[in-house]
Amino acid sequence: MRTLIIIAIGIVLAALLLALFRRDARTLRTVFVTFAIAWIAVCAWNMWQGVARAGYAVTEELPFLLANAGVPVLFAWWLQRRLRRHARA
């Protein structure tokens, strides 16, 4: 359940950021890259908490890191590409 909540928060945050800064294609690209780096860092910190405090192994936490970071970043990539097509017109 926690994984779904984290993924949902990432998707909503990506959509909000890209919608707010959809002025032109360059801005969208910058927002996407900034979001991707920040979101991966947040998810890596979340993984570290699971390893250091909860006692899980890195191999147990790695699939959750990939899901928590990967799904929102892929969604943000798809959305910024879609918005960039409309920004050029």
Using a Gaussian network model of the chain whose springs link C-alpha atoms within less than 10 Å, name the residue from Val42, Val58, Val31 with the highest mean-square fluctuation. Val58
If each residue's Cβ is checked for other Cβ atoms within 10 Å, how do Trp45, Trp77 rank with the fewest at the top? Trp45, Trp77
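Given DSSP loops and a limit of at most 14 other Cβ atoms within 10 Å, what is the longest stretch of the chain that contains no such trypsin sites (Lys or Arg not before Pro)?
Of all site-free stretches, the longest is 54-89.
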I need to check one value: relative contact order of the chain, counting alpha carbon pairs closer than 8 Å and at least 6 residues apart, in percent. 49 percent
I'd like the distance separating the alpha-carbon centroids of region 24-60 and region 65-81, in whole Å. 11 Å
Show me, for region 58-64, the HN-Hα J-couplings you get by feeding each phi into the Karplus relation (A = 6.51, B = -1.76, C = 1.60, θ = phi - 60°), rounded to Hz, glycine and proline as x. 4, 5, 6, 7, 4, x, 6
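Give me the extension gain from Ala54 to Arg29: residue separation times 0.36 nm, minus the current Cα-Cα distance, reported in nm with one decimal.
5.4 nm
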Checked against the positive end of the charge dipole of region 2-88 (+1 on Cβ of Lys and Arg, -1 on Cβ of Asp and Glu, about the Cα centre), the farthest of Ala41, Leu66, Ala15 is Ala15
Given charges of +1 on the Cβ of Lys and Arg and -1 on the Cβ of Asp and Glu, with all other atoms neutral, how large is the dipole of the chain about its Cα centre, in debye to the nearest 20? 660 debye
Please list, in order along region 18-30, the HN-Hα scalar couplings obtained from phi with the Karplus expression 6.51 cos²θ - 1.76 cosθ + 1.60 (θ = phi - 60°), rounded to whole Hz, x for Gly and Pro. 5, 5, 5, 10, 8, 4, 8, 5, 5, 4, 4, 5, 5
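Every number in this text was worked out from the coordinates using simple rules, so none of it is lab data. These figures come from a predicted structure and were not determined experimentally. Here the Cβ is made from the backbone with ideal geometry for all residues, glycine too, and neighbour counts use every protein chain on show.
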